[in-house]
Amino acid sequence: MSGVMSYFITTAIAYVNGPPHLGHAYEEIATDVIARHMRQRGEDVFFLTGTDEHGEPVADTAKAHGLDPQAWADQNAQRFIALMPQLNISNDFFIRTTDPRHKAKVQDVLQRVYDNGHVYQGLYEGWYCPRCADFKVENEILDGNRCPIHEIALTRETEENWFFRLSAFQAPLEELFAANRDFVMPARAMNEAEAFLGSGLQDVSLSRGKLSWGVSVPWDPSHVFYVWFDALLNYYTALSFANPEEDYTDRYWPANLHVIGKDILKFHTIFWPAMLMAADLPVPQRVFVHGFLLAEDGRKMSKSLGNVLDPFEVIEQLGTDALRFYLLREVQFGQDGNVGLAGCRARYESELANEYGNLASRTVAMLRRYRAGNVPAVAPDPEIVAQFDGLAEQVSALFDRADCTQALELIWQRVRRLNRYVEERQPWQLAKDDSQAAALDQTLTSLYEGLRVLSVLLDPYIPQSVERLLAVLGAPDTALGAARLAAAGPLAGGVDLPELSPLFPKRD
Ligand SMILES: [Zn+2]
């Protein structure tokens, strides 16, 4: 296995207190696209997702529903587990933080932080948001003592807590940020993390005494760990039990990429590496911070405004691939963007159906009509070869920076190029003239090879459609090495291409 790199990629874990929504789908899809691309490269990928099930709001909501918190968490976790096949997510494991194996490992790691002298007892008083399950520092609070994220009134809380000596990690974090400028991406998110660090780190609560719904503190069982530390540790603990046959920790830790939303930047870029350092564990390589999806009118999505893009409605109307494609195509990954059903339908129609789907349909149909379904064993047009030269490498380089939107744009430029090529060459005219047989062979082979290569590159985005097409093309290999034009003519010579039903049929 020499040369194979391990690649550990995660989403944030979803808080089980509400139902799955577009924000969850977006993060799962984007992370899945990156994981699938890395697998195409032959890397040893481990893709983790899951649910965050502790904390005060879960206990409160369970109570309101007359359930104990575990029953409530069990019921809601199922909705997130069910989301994965609906979105065609290729996660290797799904962690739930109420798993006893996770809890035991959280206690091990935080005991080590305690033994290393980074924990002390003190009195905490501060502004607390029950929705964030987080104390807020004075400079981030909105006027009227409201949560900057939820805009709800904060409560003043005082309690005897165990504290994590976060302030001791000011200098180590400054060194980490200086040594690894890509630790947080994109650059705007790095600036935000650095600004938070620059404002000076204060120690933070590690435990809560008023709560019982959480992982108990081993040296003080009257406390549970503050839900954030328990939740962050999922990335590390899961590796120890995801496979009962093998402890994956040494194979996959540290993580290569955590994909998160911008509302939890501080926890992942400051608290998380500091806690790992405090436990003598290696820190992750990179945290990528994606933006928020807003409605097409630019406002926050809300049921009352009727501007919500419901991922399940898109899947039902246009299919899972359409949702996956649209979200990454429409919004630059790493920035905020506006999305809606009208825009999704428009891209389905104009790009998936009329550009890629139509390129596939006419390529297969012309090969069947003019060459009895066989791909001519001739070299593709040098001009098309030049257009594709280095494409797989450029796409890979963009994925190295998690830029799945620009990678898709590069691929799509070639989809458009091939459609123009059909118009330029007019194969239906060439077919009328026997003296143009060689030109027709070259045209059809160029289209076949170009379509095949683009499909390999599109596989991470729209795997269901691509895999159906590649089966028809008789070229099922989706490894990245297959994403180059066969300069001496296609290897799939002699295949008898069957009919292709539309990849993206017309919808009402
Ligand atoms: Zn809040």
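The values are calculated or read from the model by the stated rules, or taken from the named source; none is laboratory data. This one's a predicted model, so the numbers in the text were calculated from it and none came from an experiment. All Cβ positions, even for glycine, are placed from backbone atoms using ideal geometry, and neighbour counts span all protein chains on display. When the accessible area is computed, the model is the full protein with side chains, heavy atoms only, and any ligands, DNA or RNA have been set aside. Shrake-Rupley method; radii C 1.70, N 1.55, O 1.52, S 1.80 Å.
Numbers below:
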| read-out | value |
| --- | --- |
| Set Ala77, Ala62: member being surrounded by fewer than 23 Cβ atoms within 10 Å (Cβ to Cβ), touching a strand residue (DSSP E or B) at 6+ places or on another chain (Cβ under 9 Å) and within 23 Å of Asp134 (Cα to Cα) | Ala77 |
| Number of the exception - Pro311 against (1) open to solvent by 10 Å² or more (accessible area, probe 1.4 Å); (2) of a type outside the set (D, E, K, R); (3) at negative phi | (1) |
| Conditions (1) outside any loop (DSSP other than H, G, I, E, B); (2) closer than 30 Å to Leu206 by Cα; (3) open to solvent by less than 40 Å² (accessible area, probe 1.4 Å): number failed by Met366 | (2) |
| Helices (runs of 4 or more DSSP H) completely within the stretch 142-248 that count 1 or more residues being charged (D, E, K, R) and within 28 Å of Gly50 (Cβ to Cβ) | 187-198, 227-232 |
| Only one of Tyr326, Tyr421, Tyr356, Tyr348 that is open to solvent by less than 10 Å² (accessible area, probe 1.4 Å), assigned to a helix (DSSP H, G or I) and touching a strand residue (DSSP E or B) at 6+ places or on another chain (Cβ under 8 Å) | Tyr326 |
| Qualifying residue in the stretch 81-100 (condition: of a type in the set (Ser, Thr, Tyr), under 28 Å from the mean Cα position of the chain (by Cα), within 30 Å of His37 (Cα to Cα) and open to solvent by less than 50 Å² (accessible area, probe 1.4 Å)) | yes |
| The one condition in (1) closer than 19 Å to Ala59 by Cβ; (2) away from the ligand (no atom under 16 Å from the Cβ); (3) within 23 Å of the chain's Cα centre (by Cα) that Pro221 fails to fulfil | (3) |
| One residue from Gln429, Gln406 being in the same structural domain as Glu355 (by TED's automatic domain parsing) and out of contact with any helix residue (DSSP H, G or I) (no Cβ under 6 Å at 6 or more places or on another chain) | Gln429 |
| Selection status of Asp381, farther than 30 Å from Asp32 by Cβ, open to solvent by 10 Å² or more (accessible area, probe 1.4 Å), out of contact with any Cys (no Cβ under 7 Å at 6 or more places or on another chain) and touching a residue at least 12 places away in the same chain (Cβ under 8 Å) | yes |
| All positions within the stretch 121-171 that are modelled with pLDDT of 85 or more, open to solvent by less than 40 Å² (accessible area, probe 1.4 Å) and over 32 Å from the mean Cα position of the chain (by Cα) | Gly122, Gly126, Glu157, Asn161, Trp162, Phe163 |
| Test: residue in the stretch 143-159 that is within 30 Å of Gln285 (Cβ to Cβ) and within 16 Å of the ligand (Cβ to nearest atom) | yes |
| Residue tally, condition of a type in the set (Gly, Ala, Ser), part of a helix (DSSP H, G or I) and open to solvent by less than 80 Å² (accessible area, probe 1.4 Å), over the stretch 424-444 | 3 |
| Condition met for Gln121 (in contact (Cβ under 8 Å) with a residue 40 or more places away in the chain, more than 16 Å from the ligand (Cβ to nearest atom), of a type outside the set (D, E, K, R) and assigned to a helix (DSSP H, G or I)) | no |
| Qualifying residues in the stretch 128-142 (those that are of a type in the set (D, E, K, R) and in contact with a helix residue (DSSP H, G or I) (Cβ under 8 Å, 6 or more places away or on another chain)) - the one nearest to the ligand (Cβ to nearest atom) | Arg131 |
| Any hit, the stretch 48-55, residues being at pLDDT 95 or above, within 16 Å of the ligand (Cβ to nearest atom) and surrounded by 15 or more Cβ atoms within 10 Å (Cβ to Cβ) | yes |
| Scan of the stretch 172-186 for residues that are open to solvent by 60 Å² or more (accessible area, probe 1.4 Å) and acidic (Asp, Glu), ordered by number | Glu174, Glu175 |
| Residue that is nearest to the chain's Cα centre (by Cα) [pool: residues in the stretch 187-212 that are open to solvent by less than 40 Å² (accessible area, probe 1.4 Å) and farther than 18 Å from Phe163 by Cβ] | Ala189 |
| Qualifying position, being under 24 Å from Ile260 (Cα atoms) and away from the ligand (no atom under 16 Å from the Cβ), among Ala168, Ala195, Ala231 | Ala195 |
| Search result, residues across the stretch 253-279 that are open to solvent by less than 10 Å² (accessible area, probe 1.4 Å) and over 25 Å from Tyr114 (Cα atoms) | Leu257, His258, Val259, Ile260, Gly261 |
| So His37, is it open to solvent by 10 Å² or more (accessible area, probe 1.4 Å) and in a helix (DSSP H, G or I) | no |
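Listed here are the residues, each with its yes/no results for (1) within 36 Å of the chain's Cα centre (by Cα); (2) more than 17 Å from Asp441 (Cβ to Cβ).
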site: Glu355; (1), (2): yes, yes
site: Arg362; (1), (2): yes, no
site: Arg368; (1), (2): no, no
site: Pro382; (1), (2): no, no
site: Gln394; (1), (2): yes, yes
